[in-house]
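Before any comments, here is the structure.
The values are calculated or read from the model by the stated rules, or taken from the named source; none is laboratory data. Predicted model, so just to flag it, every value in this text is computed and none were measured. Virtual Cβ from ideal backbone geometry, glycine too; neighbours counted across all protein chains shown. We work out accessible area using only protein heavy atoms, side chains counted, and drop any ligands, DNA or RNA first. Shrake-Rupley method; radii C 1.70, N 1.55, O 1.52, S 1.80 Å.
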Amino acid sequence: MAPADRMSYEWTMRLFFQQFFAIARLALLETLRQPVVMLITLVCLVFIALLPVLITHVMGDGQRIVRDSALAIHLMAGLILGSYAACASLRDEVRRGTASAVLSKPVGRDLFLLAKFAGLALVMILFSTLLALAVILTARTAAQDYIFDWWGAAPLLAAILGALVIGGLQNFLLQKPFASRAFGALLILVPLALLASGLYDDQGARTADFGVALSWVSLPASLLITMAILLLAGCSVSLATRLDVVPTLACCAALLMGGLMADYLLGQAARDHFGAALLYGLLPNFQHFWAVDALARGEIPWSYVGQAAEYGALYLAGILGLGIVAFRHMELRG
């Protein structure tokens, strides 16, 4: 490659990444500033923290019931949050004409859509991180039947209260957005709550063996759910090129339900009928990401998590490809 061509290529790539990260950063910030994002996160964290108290009939298996319920909340809240955030980030910009103004500059539609998804995906990863830590803490609270280990839920509730106070003070004193500042405080305080909880054993005594009272087996399950949420977020971004919030949420919910029932509905028929086999292959099998039943039998192998990640990445690439095609043929308002 000639020196002039190499310089031109390097300049083009530098411009591409600058535009990509700028759009992704703006998508991240505007999503975090949405009050609904903070509200959903807050409700989920509080509800998960209080699950050991709310679920009273545990039948001698309290930790499993609480953990499975918390993981279900994680998945359903991710579905709702991803659908809303995708439409708020993409559909609203198209409706206001902001997207048309950005694309009037040397910014490609493909780059714009992928950068929007990248910002949304980072929000969903941060959201999932908070809920994954909350699942570990609340599982500790319910580890012993009929006994509440408050070194699990109490630090989590304190972190939530502290984040609200910090967000409120920054909003009042510094005129900063409450939602994004409180969410940022949660990203600091919830890991600190896990750290504080890990310093004490199940009897409440200080221990040198960090995390001895914490149940880490839910981490692979939370990671799998995060993959499912990212897949649903990709579907939401692609659908948001054509649909508003409610239709997008309905379509993603139907896709999730169909994916969870794919083995039951199409697994047997796919062996004998080409049409069923084709539909079975096209429908995302969310059973690969919902591994709660496997937790009841023991730990989830990390090798399985890697295989599920490959499946999810390939399917997500296909979904985003369809979204790019739809966005290319979308009429934008000036």
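In summary, Arg181 fulfils each of the numbered conditions (1) open to solvent by less than 20 Å² (accessible area, probe 1.4 Å); (2) more than 30 Å from Leu316 (Cβ to Cβ); (3) assigned to a helix (DSSP H, G or I); (4) not hydrophobic (A, V, I, L, M, F, W, C) with the single exception of condition (1). Among the candidates Ala77, Ala115, Ala121, single out the residue that is more than 22 Å from Pro191 (Cβ to Cβ) and of a type outside the set (Lys, Arg). The unique qualifying residue is Ala115.
From Leu224, Leu260, grab the single residue that is in contact (Cβ under 8 Å) with a residue 24 or more places away in the chain and closer than 30 Å to Phe148 by Cα.
Unique residue meeting the criteria: Leu224.
Mind checking which residues of the range 242-274 are under 19 Å from Ala326 (Cβ atoms), loosely packed, with under 15 Cβ neighbours inside 10 Å and among the aliphatic types (A, V, I, L, M)? Residues satisfying the conditions are Val246, Ala250, Ala254. For the range 79-114, filtered to residues that are aliphatic (A, V, I, L, M) and closer than 19 Å to Ala250 by Cβ, the residue that is most open to solvent (accessible area, probe 1.4 Å) is Ile80. One residue stands out in the range 214-239 among those that are in contact with a Phe, Trp or Tyr (Cβ under 7 Å, 6 or more places away or on another chain) and surrounded by fewer than 24 Cβ atoms within 10 Å (Cβ to Cβ): the one that is farthest from Leu90 (Cα to Cα), namely Pro220. If you check Thr41, Thr31 for being at pLDDT 90 or above and within 20 Å of Arg67 (Cβ to Cβ), only one passes: Thr41.
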